[in-house]
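Below is one structure, written out as structure tokens, with a few remarks after it.
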Amino acid sequence: MQNAINQLYQTESRRVLATLIRLLGDFDLAEEALHEAFSAALQQWPAQGMPANPRAWLVSAGRFRMIDQLRRHGRHHESYDEIAEQLATELEADAPEDHAVEDDQLRLIFTCCHPALSQEAQLALTLREVCGLTTEEIARAFLTTAPTLAQRIVRAKAKIRDANIPYEVPEKSELPARLEVVLQVIYLLFNEGYAASAGEEMIRHDLAAEAIRLGRLLCQLLPEPEVQGLLALMLLQDSRRDTRTGADGELILLEDQDRSRWDQQSIQEGIQRVMLALGSQRFGSYTLQAAIAAVHAEAPSITDTDWAQIVGLYDALFSINRSPVVALNRAVAVAMRDGPEAGLALIDHLLTKPALRDYHLAHAARADMCRRLNRKTDAIAGYRQALELARQGAERRFLARRLAELGG
Amino acid sequence: MKYLALVYYNEAIMNAMSQQEWDALNQECIGCVENLQRSGHFVDGHPLQQTDTATTVRVRNGKLTTTDGPFAETREQLAGFYMLEARDLNEAIQLAGKIPPARYGSIEVRPVRELKAEGNLAGGKST
């Protein structure tokens, strides 16, 4: 039972929290209530068995225990007394509706991604509150320390409370402007699940699945092209999840993946959504990235991939997002279309600027082109530099393997 | 809930306007106040004279000192304020966006806190 409850904590705790924030009107109270609810489950479930709807049980247990606590402390905190009375009245009036509960995570996302918070705070708060990452994990993802991150989250929560940032989904008129921030945060979350930025565990399916679930919810609420595009991108990348690492966790490159094991259902849905988004003529960078992923998904092998189309899509992407990482990916696609010399020339040019010099994948890509050109010394030097900069376990092992193959 | 919308702009930009342009902006502000009054969001508000009329007062060790001008040199100067009654920060932001000088400078939106005998917010964080 304890394992089952732990499992439930992993899958349900954030949804329960999102509902408790709505019911209690305060992040810290809700977190306390969540803790209380799971303590109660640990006490009662082993004897009584798991309830039919554990999430609803946890929500009402958290709510009841907080009403109790608030009443006990009510004498000292007028406002707590008020909250307790209000909660007790609401509790008698109605059980939480399923529909409202489904929207709670969306409410939580829009609140965590509120434009009155700094972007750093939005990301940290969403990853902490919506996704349940630890402050250590978030700190690693943002290359900062856990105390700095914790401080950032405390400040953000204080602003939500003191400035009265409402716990709601924005009105239709405000929605598009608010959406962009949310998409960014969801994609970062997906990437944290898809390719954990540090540590040994390469893929964390629960996080990627959570990001896709949030993407689907957003699609229902606001079926804008870029929401479709982001969801398509996540689905297409996620369709390869079982083939990206081997049995012992080693990284498997796109060219070596067993394409027969790609998830066709995700691919079909991803492609449908890309077509829908492209057809709107109002698409952006997520849709273009999804279109690139779709070309890969449809290709029978790396050599039978439509690299000309991929280069064209990268050109379009670069025209709206002049990021050096996009330029790097374009260079890799050019190498596939025109040969490694062409790609190497582009990468060498990119590495003359500081932006990519500390980016391990730039050095790994350069090393790979040198390897294909039989420039062994340059390849070894490139993989070494990449290995020095890489922080993720599976990536490090992959680079070390390449080095060993070259006798470096 | 009450929010104070503090209007900041670079006085040099306003000084560079013709009398006609400046009056037109002020007429817009009159219209803005009328709209806020009609919708029940306006509590109070006034424009301020420029910072060269400001005097900063401090009391240190029981002694009052005054200095000429605002306490800090900044790119934008406080130019006026609106005390707004708003449902939440979202509504306050929407209202602040309609204040005409937002197009030239910036509007700082700050929740008002209640002054209480004890348990006051915003300070007293040392344990």
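The values are calculated or read from the model by the stated rules, or taken from the named source; none is laboratory data. Values in this document were obtained by computation on a predicted structure and should not be read as measured data. FYI the Cβ positions are ideal-geometry reconstructions off the backbone, even for glycines, and counts take in every protein chain you see. Ligands, DNA and RNA are stripped out before the accessible areas are found, and what is left, the full protein with its side chains, is counted by its heavy atoms. Shrake-Rupley method; radii C 1.70, N 1.55, O 1.52, S 1.80 Å.
So which of A:ALA379, A:ALA394, A:ALA404 ends up being under 28 Å from the mean Cα position of the chain (by Cα) and not aromatic (Phe, Trp, Tyr)?
A:ALA394
Return the residues of the stretch B:76-96 that are under 21 Å from A:ARG178 (Cα atoms) and either open to solvent by 60 Å² or more (accessible area, probe 1.4 Å) or away from chain A (no Cβ under 14 Å) (or both); say none if nothing qualifies.
Once the filter is applied, which keeps residues that are under 21 Å from A:ARG178 (Cα atoms) and either open to solvent by 60 Å² or more (accessible area, probe 1.4 Å) or away from chain A (no Cβ under 14 Å) (or both), the stretch B:76-96 yields B:ARG87, B:ILE93, B:GLN94.
Does B:GLU21 fit the bill of being touching a helix residue (DSSP H, G or I) at 6+ places or on another chain (Cβ under 6 Å) and either assigned to a helix (DSSP H, G or I) or of a type in the set (Asp, Glu) (or both)?
no
Conditions first: (1) open to solvent by less than 50 Å² (accessible area, probe 1.4 Å); (2) within 16 Å of the chain's Cα centre (by Cα); (3) not acidic (Asp, Glu). A:ARG241 passes all but one, so which condition is the exception?
(1)
Quick one: which residue in A:GLN2, A:GLN48 is open to solvent by 70 Å² or more (accessible area, probe 1.4 Å), over 24 Å from the mean Cα position of the chain (by Cα), over 17 Å from A:CYS112 (Cβ atoms) and at pLDDT below 90?
A:GLN2
Determine, yes or no, whether B:GLU21 is over 18 Å from the mean Cα position of the chain (by Cα) and among the charged types (D, E, K, R).
Against the criterion (over 18 Å from the mean Cα position of the chain (by Cα) and among the charged types (D, E, K, R)), B:GLU21 qualifies.
Which of the residues spanning the stretch A:5-28 are surrounded by fewer than 20 Cβ atoms within 10 Å (Cβ to Cβ) and hydrophobic (A, V, I, L, M, F, W, C)?
Once the filter is applied, which keeps residues that are surrounded by fewer than 20 Cβ atoms within 10 Å (Cβ to Cβ) and hydrophobic (A, V, I, L, M, F, W, C), the stretch A:5-28 yields A:ILE5, A:LEU8.
Condition check ((1) in a helix (DSSP H, G or I); (2) of a type outside the set (Ser, Thr, Tyr); (3) within 17 Å of A:ASP103 (Cα to Cα)) across all residues:
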{"residue": "A:GLN10", "(1), (2), (3)": "yes, yes, no"}
{"residue": "A:LEU17", "(1), (2), (3)": "yes, yes, yes"}
{"residue": "A:TRP45", "(1), (2), (3)": "yes, yes, no"}
{"residue": "A:PRO51", "(1), (2), (3)": "no, yes, no"}
{"residue": "A:ALA56", "(1), (2), (3)": "yes, yes, yes"}
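Take the residues in the stretch B:97-127 that are more than 10 Å from chain A (Cβ to nearest Cβ) and not in a loop (DSSP other than H, G, I, E, B); name whichever of them is most open to solvent (accessible area, probe 1.4 Å).
Checked the stretch B:97-127; the qualifying residue most open to solvent (accessible area, probe 1.4 Å) is B:ARG103.
Taking the condition over 17 Å from A:THR287 (Cα atoms) and under 29 Å from the mean Cα position of the chain (by Cα), does A:PRO354 pass?
When the stated conditions are applied, A:PRO354 passes them.
For residues that are among the charged types (D, E, K, R) and in a helix (DSSP H, G or I), scanning just the stretch A:156-173, find the one that is farthest from the other protein chains (Cβ to nearest Cβ).
A:LYS157
Only one of A:LEU218, A:LEU183 is at pLDDT 75 or above, out of contact with any Phe, Trp or Tyr (no Cβ under 9 Å at 6 or more places or on another chain), surrounded by 19 or more Cβ atoms within 10 Å (Cβ to Cβ) and outside the structural domain of A:GLU31 (by TED's automatic domain parsing); which?
A:LEU218
Select from the stretch A:398-408 the residues that are out of contact with any helix residue (DSSP H, G or I) (no Cβ under 6 Å at 6 or more places or on another chain) and open to solvent by less than 40 Å² (accessible area, probe 1.4 Å) and list them in ascending order.
Scanning the stretch A:398-408 gives a single hit, A:PHE398.
Looking for something modelled with pLDDT under 85 and under 20 Å from the mean Cα position of the chain (by Cα) - is there at least one such residue anywhere in the stretch A:153-175?
No, the stretch A:153-175 has no match at all.
Can you find, within the stretch B:53-63, the residue that is nearest to the other protein chains (Cβ to nearest Cβ) among those that are in a strand (DSSP E or B), open to solvent by 60 Å² or more (accessible area, probe 1.4 Å) and not hydrophobic (A, V, I, L, M, F, W, C)?
B:ARG58
Got at least one residue in the stretch B:64-72 being open to solvent by 60 Å² or more (accessible area, probe 1.4 Å), within 14 Å of chain A (Cβ to nearest Cβ) and modelled with pLDDT of 85 or more?
no
Of all residues in the stretch A:258-280, which are under 17 Å from A:ASP304 (Cβ atoms) and more than 23 Å from the chain's Cα centre (by Cα)?
A:ASP258, A:ARG259, A:SER260
I'd like the full set of residues that are free of Cβ contacts under 8 Å to residues at least 40 places away in the same chain and surrounded by 16 or more Cβ atoms within 10 Å (Cβ to Cβ), limited to the stretch A:260-274.
Across the stretch A:260-274, the qualifying residues are A:TRP262, A:ASP263, A:SER266, A:ILE267, A:GLU269, A:GLY270, A:ILE271.
Could you list, in sequence order, the residues of the stretch A:279-307 that are among the aliphatic types (A, V, I, L, M) and at pLDDT 95 or above?
Scanning the stretch A:279-307 gives A:LEU288, A:ALA290, A:ALA291, A:ILE292, A:ALA293, A:ALA294, A:VAL295, A:ALA297, A:ALA299.
Look at A:GLN281 and say whether it is of a type outside the set (Lys, Arg), open to solvent by 70 Å² or more (accessible area, probe 1.4 Å), closer than 30 Å to A:PRO223 by Cα and not in a helix (DSSP H, G or I).
Yes; evaluated as a whole, the condition is true for this residue.
Across the stretch B:1-30, what is the total count of residues that are open to solvent by 60 Å² or more (accessible area, probe 1.4 Å) and among the β-branched types (Val, Ile, Thr)?
2
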